[in-house]
Each structure stands twice: as structure tokens, then as C-alpha cells.
1. Collect residues whose amide H, placed 1.01 Å from N in the peptide plane, falls under 5 Å from the amide H of residue 392; neighbours closer than 5 in sequence don't count.
2. Please go through region 281-364 and write out the GluC sites (Glu not before Pro) that DSSP classes as loop and that have at most 10 other C-beta atoms within 10 Å.
3. Check residue 459: other-chain or 5+ apart residues with amide H under 5 Å from its amide H, H built from backbone geometry?
4. For residue 112, which sequence-distant residues (separation of 5 or more, or a different chain) have an amide H within less than 5 Å of its own amide H, given hydrogens modelled in the peptide plane?
5. Region 384-454: which trypsin sites (Lys or Arg not before Pro) are DSSP loop and have at most 11 other beta-carbon atoms within 10 angstrom?
6. What ³J(HN,Hα) values, in whole Hz, does the Karplus curve 6.51 cos²θ - 1.76 cosθ + 1.60 give for region 102-107 when θ = phi - 60°, with x put for Gly and Pro?
7. Give me the one-decimal nm value for the distance between modelled label points at residue 251 and residue 455, 7 Å along each residue's Cα-to-Cβ direction.
8. Report, ordered by chain and residue number, the lysines lying within cross-link reach of residue 417, taken as a straight Cα distance under 16 Å and ignoring same-chain residues fewer than 8 apart.
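Throughout, read-outs are computed from the coordinates displayed, never taken from laboratory work. Remember, it's a predicted structure, so these values are computed and weren't measured experimentally. A quick note on method: Cβ atoms are made from the backbone with ideal geometry, for glycine too, and the neighbour counts reach across all protein chains shown.
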Amino acid sequence: MVSFRHKKIDSSTPNPRIHCYHVGMFLAAELIRAKRNGQELSEAALRQFVEGVTDGEVSDAQIGAFAMVVHCKGMTMAEQTAMTLAMRDSGRRLIWPDLNGPVLDKHSTGGVGDLVSLVLAPLLAACGAYIPMITGRGLGHTGGTVDKLESIPGLNANPDEDLFNQTVRTTGLAMTGSGNDLALADGRIYSVRDLTATVDSIPLIVTSILSKKLAEGLDALVLDIKTGNGAFMVERNSARDLAANLVEVAELAGLPCRALITDMNQPLAQNAGNALEILEVIRFLKGEERHGRLEEVILSLGSELMVLGELATKPKLARKTLIAALEDGTAAERFARMVNMQGGPADLLENPQKHLESAPVVRALESPADGCIEFIDTRAVGMCVVLLGGGRVHVNDRLDHRVGLSGLCNVGDMVTKGQPLGVIHANSEAAWQEAAEAFAAAIKVGRKTDALPSVYEQH
């Protein structure tokens with residue numbers, strides 16, 4: 001792979017790149033052919049292609065062909081950067097000219113029990129950052145932050161621009177799923193990738209993620225790249241390649257960035273399911289329950305982002321500041337204010353059980369034998385939540401926010417026969433039985449196994 005680290009793209013430099021055609025003469029087919037033949041595409045050609053995607057001049061068939069040839073041939077760092085910037089410019093861009101702190105954000109590649117954003121955002125806001133977080137919904141076995149927020153009664157997870165901006169400025173953070181006008185080209189490209197088996201193309205993942213994050217007007221970004229049997233990047237090497245590409249392209253585009261590779265060979269939190277995860281967020285922020293693996297990922301990501309945002313000089317000092325904001329309640333207060341400004345109840349943190357609905361059938365699944373939790377099929381655990389009605393198979397599926405799993409065990413835990421492996425929250429006895437069968441098949445009780453690290457490496 002060609003490296004252009006620390007160099008800005010100069011489209012005037014002579015090279016064998018394919019340059020753009022005159023307006024009205026651009027043929028997407030020629031760009032696709034050039035890429036298929038191993039030629040490097042110029043910044044101007046890629047920008048014109050993205051413009052054609054945005055205005056409809058480029059067809060879905062051509063987008064699919066382009067995605068497939070990129071999947072097969074790859075893209076240089078220069079190509080990825082050029083396409084990222086073009087996609088950034090295909091929609092609205094957020095501007096924060098008068099804030100008295102850095103504008104920061106994090107992105108996760110998704111997993112099960114991944115509620116990091118809901119804790120990290122208010123925590124960073126309590127330390128002087130501003131977090132305009134545009135997040136998404138769950139699909140397949142992974143949960144979505146927007147879905148979790150919508151389990152809070154009254155909360156508007158898609159605030160209009162004025163409310164979003166006001167919430168960021170007042171509380172230091174806001175969360176929304178309504179980022180459809182940012183990086184408009186990405187919506188078309190992603191929908192076609194989903195139909196053409198090119199979702200796992202690293203260059204296309206890079207351009208998709210970073211174009212939206214750059215459009216947020218960030219000063220720095222941290223990335224949580226999951227790896228393991230519950231992650232999209234199952235193999236560590238694939239996660240490592242994605243992390244390296246993301247960081248390099250972000251920096252070439254002018255955005256300071258770090259990436260952590262974290263474990264998804266088991267659920268990250270003790271709960272999986274929308275209202276159940278919100279309840280864990282509240283307990284975490286209030287200091288009532290802090291799962292060690294989850295806390296380590298939050299503090300590791302937050303420390304890196306604090307340094308990038310110049311709120312701390314070293315990760316160790318940043319970690320101390322973050323812990324202090326947890327312990328003195330300021331992070332919890334920021335979360336409560338955000339919830340209330342976006343329409344949620346003012347007393348959510350004081351009375352969560354009053355507002356978060358509970359499932360009618362709540363019963364533990366017991367261990368069939370003495371032993372150690374040797375293996376967890378994390379993807380299957382996530383699909384248990386889907387089976388219960390807490391996740392979606394199709395984009396328009398309605399969710400039951402009450403259902404899910406709580407008290408989840410971890411790899412390396414010693415258990416005795418009859419001890420709960422987790423608690424299933426279902427909307428009926430039949431749904432509980434079906435989920436129990438799937439959940440039992442996802443957990444192996446066997447020989448003694450070491451606990452897994454929560455963070456593997458940094459890029």
C-alpha cells in the first residue's frame with residue numbers, strides 16, 4: 001500500500017493517475033475501468049464521481065461496480081483521502097466557531113452491550129469538551145445508540161438543528177440519529193454496498209466513517225475498532241488494517257485521530273438490550289455499578305481523546321481527570337441535562353425504574369454444570385436480543401425496548417451448576433423459552449480459561 005503520511009494531496013503533481021473529464025463528459029464507466037486496470041484515480045476524478053453519486057447522475061449499477069472493483073483492487077491512501085473529503089463536501093457541514101473547548105467525538109465499529117458512547121460523551125463534556133455525536137441504529141446482531149436513547153420516554157433522538165446546537169452549547173453534548181444531510185453521497189454508496197457484498201471493503205469503510213465525522217466539524221476523533229466473534233472485523237489483523245487506514249486517512253484529511261482495538265469476544269457490558277443498557281449507563285455514571293471491562297474501554301478511549309483535544313498532556317493525567325468527573329457526579333449531571341433538553345424526564349437518574357419499562361417475563365438461565373465460562377458466541381448473544389424483539393432484522397422493524405439480557409457472565413468466570421449465566425427479559429413465556437435455548441447454545445461451560453483483555457492495542 002502506498003503511504004502518503006504527512007503529505008497533502010497535490011493533484012498537480014505528475015503521476016499515472018486518471019484525471020477527471022470536462023463537466024458533461026465525465027463517464028463513470030471510464031473511472032471504473034481505470035480502477036479495474038490498476039490505475040490510481042486523481043482527486044478531481046473521485047470528486048466528480050462523488051458529485052455524480054450525490055446528484056443522481058451516477059447509477060446504482062455504476063456505484064455497485066465501483067464498490068466491487070475497490071473491494072478487489074483496493075485504494076491508495078491518497079485515493080481514500082480524496083474520496084473522503086469529496087464525500088464530506090457532498091452534504092451539510094457543522095461549524096462551531098465560538099465554543100470554549102475542543103469539539104470531539106468517538107466512533108465504534110459496533111458490538112453487543114456496547115454502551116460506551118452513552119457514558120463517554122457526558123464524561124468528556126464534564127472535562128471541558130463538546131460532543132456533537134451523530135449516531136446510528138442497530139442492525140443485525142449489534143445494538144444502536146439511537147435505539148437505546150429511544151427507550152427513554154419523551155426523548156427526541158432526532159432533534160432539529162436548532163435544538164441539537166443549543167443542547168451541545170448548553171450541556172456540552174447532544175446525540176442524534178438525524179445526520180442524513182451530512183455526507184449525502186455516503187447514504188447511496190452504503191445502501192448499494194449492502195446489496196453487493198462490499199460492506200467489508202476497508203477503503204469504503206474508511207471513507208464512509210470519516211466523511212461523516214469530518215462533516216461534524218471535529219477537532220479530534222478516537223476510534224473503537226472491535227475484533228472478535230461478535231465484531232464485524234472478526235480477525236485481529238483485519239481490525240489492525242482498518243485501524244491503520246482510518247488513522248492515516250484522518251490525519252491526511254487534517255483530523256487528529258487515534259484508534260484502539262478492543263475485544264468483542266464477549267458482550268462489553270453486563271446488559272444487552274435498549275432500556276437495560278440505559279439502566280446500566282445510569283448506574284455506571286452514579287457509581288452504583290461499574291463493570292471492569294466496560295470501564296477500561298471508556299477510560300482508555302477517553303484518555304486518548306483528551307490528549308488529542310489538548311485537555312490533558314498525558315493519558316495518565318487524562319485518566320485521573322476522567323475518574324474525578326465520574327466520582328464527583330459532574331458526568332452524571334451532564335447526561336441528565338442532555339436527556340432533559342432533548343425531551344426526556346428531568347428525574348431519569350433519580351428514578352430510572354419509574355421511566356424505563358420492564359419486560360413481563362424476567363427469569364435467569366442457569367448453568368448446566370460446574371466449570372468455567374470457556375467461550376461465548378457473542379454474535380449469537382446479540383441475536384438473542386433480536387429474537388426477543390430488541391433488535392431489528394429489517395430497517396423498519398419496530399423494537400420492544402423492554403427486552404434483552406442482564407447480569408451477563410464473562411469469559412473466565414467460574415460458575416457452579418444452577419448459577420445464573422444471565423437473566424432473560426422477555427415479553428412472553430414462549431419468547432423466553434425460545435431465547436433461553438439460543439442463549440444456552442451461545443455459552444460453553446468447560447475448563448478453566450483466562451479472562452480476555454478489554455483493550456488489545458493502540459494505533
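1. Hits under the 5 Å cutoff: 140.
2. In loop regions of region 281-364 (DSSP not H, G, I, E or B), the sparsely surrounded GluC sites (Glu not before Pro) are 288.
3. Long-range HN contacts for residue 459: 259, 260, 261.
4. 268
5. Filter output for region 384-454: 398, 417, 447, 448.
6. Result, rounded to whole Hz: x, 9, 10, 7, 10, 9.
7. Rounded to a tenth, the inter-label distance reads 1.8 nm.
8. 444, 448
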